[in-house]
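Before any comments, here is the structure.
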Amino acid sequence: SFNGFCNFYRKFLEKFGRVIRPLTIRTRKGVWKPLGQKEEEAFKKAKELILSDQVLAHYDPLLETKVESDYSDGVAVVVMSQLHGHVWKPVTF
């Protein structure tokens, strides 16, 4: 199922669980209904993210690496990225 596929990618895409939440809620056991506007948008966004360069890259100790952090409203966010060719790709967040 598409939800199973998405659950695998949840750990590789930042905030992906939030994106697919409408699909997860709509397809719980005993709750299934035809997809509405929110679910259609979540489905499209999920496909875009899976195909985007936001999917985590494999760590390569030979590549240039940077760590960026941000702290606001009591929330800390850290992303480690590596330069793959001319594109910075996230390795972990």
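The values are calculated or read from the model by the stated rules, or taken from the named source; none is laboratory data. A quick note: this is a predicted structure, and the numbers were derived from the prediction, not measured. Methodologically, a virtual Cβ is constructed for each residue, glycine included, from the backbone with ideal geometry; neighbour enumeration extends over all protein chains shown.
Brief remarks on what is shown
- Of all residues making up the range 54-70, the number that are within 16 Å of H86 (Cα to Cα), of a type in the set (S, T, N, Q) and outside any loop (DSSP other than H, G, I, E, B): 1
- In the range 46-65, the qualifying residues are those that are surrounded by 11 or more Cβ atoms within 10 Å (Cβ to Cβ) and modelled with pLDDT of 90 or more, and the one that is nearest to R26 (Cα to Cα) is Y59.
- Output for the range 71-92, where each listed residue is farther than 23 Å from I50 by Cα and either of a type in the set (S, T, N, Q) or part of a strand (DSSP E or B) (or both): Y71, S72, V75, A76
Yes/no matrix, rows are residues, columns are (1) farther than 22 Å from Y9 by Cα; (2) within 17 Å of the chain's Cα centre (by Cα):
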{"site": "G36", "(1), (2)": "yes, no"}
{"site": "K47", "(1), (2)": "no, yes"}
{"site": "S72", "(1), (2)": "yes, no"}
{"site": "Q82", "(1), (2)": "no, no"}
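- Any hit, the range 30-45, residues being surrounded by 14 or more Cβ atoms within 10 Å (Cβ to Cβ), within 25 Å of V79 (Cβ to Cβ) and of a type outside the set (S, T, N, Q): yes
- If the condition is being assigned to a helix (DSSP H, G or I) and touching a residue at least 40 places away in the same chain (Cβ under 8 Å), then the range 6-45 contributes C6, Y9, F43.
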